[in-house]
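**Q** One structure, pasted below without further comment.
The values are calculated or read from the model by the stated rules, or taken from the named source; none is laboratory data. This structure is a prediction, so every number in the text was calculated from the model and none was measured. Neighbour counts run over all protein chains shown; Cβ positions are idealised from the backbone, glycine included.
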């Protein structure tokens with residue numbers, strides 16, 4: 001007998017791409033190695049990850065709700081905003 005256990009209904013994934021563009025670039029580029037932190041506004045809990053070599057990030061199994069998302073690179077805060085996590089998957093791209 002095999003039992004299938006699903007994750008909690010309130011757990012969701014947040015993913016996206018962090019990109020940047022300078023005046024001499026024809027199109028945005030992915031920002032590798034950015035530190036992405038999300039703070040749950042209701043509980044104060046936080047989840048942290050880093051963007052990969054093309055700027056993609058993924059945070060798994062975080063509670064649904066309103067979050068403050070902060071992006072840092074080389075010890076400097078370069079973005080802060082809000083994102084609402086709902087459903088099984090939420091996409092949030094960040095263009096700098």
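**Q** Across the stretch 39-85, what is the number of residues that are touching a strand residue (DSSP E or B) at 6+ places or on another chain (Cβ under 7 Å), within 19 Å of residue 10 (Cβ to Cβ) and in a loop (DSSP other than H, G, I, E, B)?
**A** Selection size over the stretch 39-85: 3.
**Q** Right, next: Would you point out the residue of the stretch 61-71, among those that are surrounded by fewer than 17 Cβ atoms within 10 Å (Cβ to Cβ) and at pLDDT 95 or above, that is nearest to residue 89 (Cα to Cα)?
**A** This residue is 66.
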